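Quick notes on the structure that follows.
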Amino acid sequence: MSQIQLSNLVKCFDRTEAIAGISLTVESGQAVALLGPSGCGKTTSLKCIAGLEDPTGGEIRIDGQLVAGKNVSLPPEKRHIGMVFQSYALWPHMTVYGNVAYPLEVRGCARSEVRDKVQATLDLVGLSGFGERLPAQLSGGQQQRVALARGIVARPKILLFDEPLSNLDTKLRAHMRGELRTILGQLGTTAVYVTHDRTEAMAICDRIVLMNEGRIVQQGTPEELFTRPANLFAADFMGGGNFLAATVVRTGEVECHGQIVRCQTPSAAQPGDTVTLVLRAELLRLSPTVVEGDTCWPVHIRQRLYLGARAEYVVALDNQELRLEETAIGWQPGAEAYVRIAPQEVICLPPVLSC
């Protein structure tokens, strides 16, 4: 296991600054997600850690050793990393065994050691008995497991993942999320996982580093980013759902669409200031009457999407639409109701969309 330290890391392509001076520490044995939209700098950061790109400025250290910095660029093969690619990058002419064995063979490991380590790794990823198959004879999920096995067979200090599940269908992705979480827990290897999928990041990783435009917006546990977003960008990317403008009445209370809403107001907010309420779709509920203790707004139900055990509704609050998810699936379009939320579930943020 190894610690990774990025210090004021900068990467420019021509005049474009892909990474704008980020600093980050990934502790030994921790799985950290680099999360963000396309072009935010997450994959470029991963490539700099791997040694596939040289930083324009700043430093990268692994276990305290400088691997990238001024006049220093340790090649990838000397950084003791394993990498799992989005495209799997399997050799089509090699069997599963051959693909997984390759990193050991290029290191000059004895044949018996290669055999034992490959078999143990295939067992770990659930591919016992698949050693003689070619990649073309495997499903997408099985190919992804081969790529994972190849990345971990040499027991690298660090594992790097570049959107490894993005080519899988929805059901298989959900299954592989659990598998990856289990395998990373068993290995205890330091891991950096690049994804644009917040659900994937929250399910697999211990910590999330949210990025935008080459900068770190917020970092913390999945729960911290979901329940306490630092700003509107973080709230929106982590699944904000609904945003309502409100006016601060006093500390802990705002006025929004004719209702006094109790919530934790920003520390610098003064009476009369405009703020934004974040109302997550899965925390809103429909009710036929006002529920004491909750904030309740009268709404008109415009649309219902039946999703089995739950329904997704679109409701009109004055001239604004809200979206919510409900286990009460019997509400029909055209009905009048109240949409409600508990005070502790309201997130109140300054209105400026920034990072």
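Rule-based calculations on the coordinates, nothing more; no lab input. These numbers were taken from a predicted model, which means no experiment stands behind them. As a convention, Cβ positions derive from the backbone with ideal geometry for all residues, glycine included, and neighbour counts pool all protein chains shown.
Per-residue Cβ neighbour counts within 10 Å put 44, 190 in the sequence 44, 190, beginning with the fewest. Name the residue from 141, 108, 243 whose Cα lies farthest towards the positive end of the charge dipole of region 104-262, charges +1 on Cβ of Lys and Arg and -1 on Cβ of Asp and Glu. It is 108. Residues in region 308-313 carry Karplus couplings, in order, of x, 6, 8, 9, 9, 10 Hz; the curve used is 6.51 cos²θ - 1.76 cosθ + 1.60 with θ = phi - 60°, and Gly or Pro positions show x. Arranged from fewest to most other beta-carbon atoms within 10 Å of their beta carbon, 15, 280, 302 become 15, 302, 280.
Put a plus charge on the Cβ of each Lys and Arg, a minus charge on the Cβ of each Asp and Glu, and nothing anywhere else: the dipole of the chain about its Cα centre is then about 980 debye. About its Cα centre, region 226-355 has a charge dipole of approximately 160 debye under the convention of +1 per Lys or Arg Cβ and -1 per Asp or Glu Cβ, with nothing else charged. Computed from the coordinates I sent, Rg/Rh (Cα atoms, Kirkwood Rh) equals one of [x] 1.06; [y] 1.27; [z] 1.42. Tell me the label. Among [x] 1.06; [y] 1.27; [z] 1.42, the one derived from this structure is [x]. Rounded to whole numbers, the Karplus 3J(HN,Hα) couplings from phi for region 246-262 are 9, 10, 5, 8, 7, 4, x, 9, 9, 10, 8, 6, x, 10, 7, 10, 8 Hz, using 6.51 cos²θ - 1.76 cosθ + 1.60 with θ = phi - 60°, and x at Gly and Pro. Over region 119-179, the fraction of Cα-Cα pairs per 10 Å bin, rounded to whole percents and listed from the shortest bin up, is 21, 54, 25, 0. Averaging Cα coordinates gives a centre for region 117-155 and one for region 1-32; these two points are 30 Å apart. With just the Cα atoms defining each centre, how far is region 301-339 from region 185-234? Give it in Å. Region 301-339 and region 185-234 have Cα centres separated by 30 Å.
Helix 111-124 axis versus longest C-alpha principal axis of the chain: approximately 20°, rounded to the nearest ten. Of all the options 301, 158, 60, the one that moves most in a Gaussian network model of the chain with Cα springs shorter than 10 angstrom is 301.
List the pairs from 47/117; 117/171; 11/70; 42/117; 117/157; 11/42 whose alpha-carbon separation is above 21 Å, in the order I gave them. Could the numbers behind the result be given before it?
On the way: 47/117 27 Å; 117/171 30 Å; 11/70 13 Å; 42/117 32 Å; 117/157 16 Å; 11/42 11 Å.
Too far apart for the 21 Å limit: 47/117; 117/171; 42/117.
Sequentially through region 213-227, phi angles give Karplus couplings (6.51, -1.76, 1.60; θ = phi - 60°) of 6, x, 10, 8, 7, 6, 9, x, 6, x, 5, 5, 5, 6, 8 Hz, Gly and Pro residues having no value and appearing as x. Distances between placed amide hydrogens fall under 5 Å for residue 86 paired with 162, all partners being 5 or more residues away or on another chain. Distant-in-sequence amide contacts of residue 31, defined by a placed amide H-H separation under 5 Å and a gap of 5 or more residues or a different chain, comprise 191, 206, 207.
With the helix formula -39500 (n - 2.57) applied to DSSP H stretches of n ≥ 4, the chain reaches a computed 222 nm mean residue ellipticity of -7000 deg cm²/dmol.
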